[in-house]
Amino acid sequence: MNLERYQRIQEVLKARQTDLTLCLEEVHKPNNVSAVIRTADATGLHKIHAVWPHEMRTLSHTSAGARNWVEVDTHDSIEGAIKTLKSQGMQVLVTNLSDTAVDFREIDYTKPTAVILGSEKVGASETAKKLADQDIIIYDGNGSVTECLRSQCCYSLRGAKTAHRERNV
């Protein structure tokens with residue numbers, strides 16, 4: 001490996017957002033899981049969490065490169081996942097259309113944050129909703145949740161974190 005490539009890898013690793021993560025709850029379509037992993041990699045998330053009753057099923061050919069850079073921690077239950085995230089000092093948000101939900105852009109992302117994304121069929125579980133600190137709404141124009149995350153959520157989160165870092169420099 002030449003020096004220029006090594007330095008570029010170091011720059012990318014330094015830009016990783018270790019205090020921002022996603023938690024997939026019972027997402028059952030492997031192509032969606034793979035898309036979230038690719039999106040996480042593209043937006044600088046170094047780790048995501050997943051609650052899956054079986055071994056994590058991802059499409060190796062579509063996310064193989066991203067899996068080199070994005071760690072996937074699998075949990076046996078959503079309770080265990082949330083306990084782990086909160087023990088790391090994270091505020092836990094859940095995507096849920098409720099009376100108390102706020103637009104995801106209103107959240108203070110300068111705090112360590114985990115966002116729970118529920119299954120494609122039923123959304124987040126009642127347990128996740130009960131244990132989360134805040135319900136959020138991520139507006140999906142007319143594309144998939146993954147596309148929404150890519151275009152709105154993750155880039156906005158990165159921008160908020162970058163702006164915060166720049167203000168504190």
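The values are calculated or read from the model by the stated rules, or taken from the named source; none is laboratory data. Because the structure is predicted, anything quoted here is derived from the model rather than measured. Cβ sites come from the backbone with ideal geometry, for glycine too, and all protein chains shown count toward neighbours. These accessible areas exclude ligands, DNA and RNA; they are computed on the full protein's heavy atoms, side chains included. Shrake-Rupley method; radii C 1.70, N 1.55, O 1.52, S 1.80 Å.
Here are a few things to note about the model shown:
- Number of the condition not met by residue 10 [criteria: (1) open to solvent by less than 10 Å² (accessible area, probe 1.4 Å); (2) at pLDDT below 85]: (1)
- Scope the range 81-132; condition of a type in the set (S, T, N, Q) and either within 27 Å of residue 31 (Cβ to Cβ) or part of a loop (DSSP other than H, G, I, E, B) (or both); matching residues: 84, 88, 95, 96, 98, 100, 110, 113, 119, 125, 127
- Count of residues meeting criterion [in a helix (DSSP H, G or I) and in contact with a Lys or Arg (Cβ under 7 Å, 6 or more places away or on another chain)] in the range 1-32: 1
- Given (1) surrounded by 14 or more Cβ atoms within 10 Å (Cβ to Cβ); (2) polar (S, T, N, Q); (3) in contact with a Ser or Thr (Cβ under 9 Å, 6 or more places away or on another chain); (4) at pLDDT below 85, index of the condition residue 43 fails: (3)
- Any chance residue 131 is surrounded by 13 or more Cβ atoms within 10 Å (Cβ to Cβ) and either modelled with pLDDT of 90 or more or on the phi > 0 side of the Ramachandran plot (or both): yes
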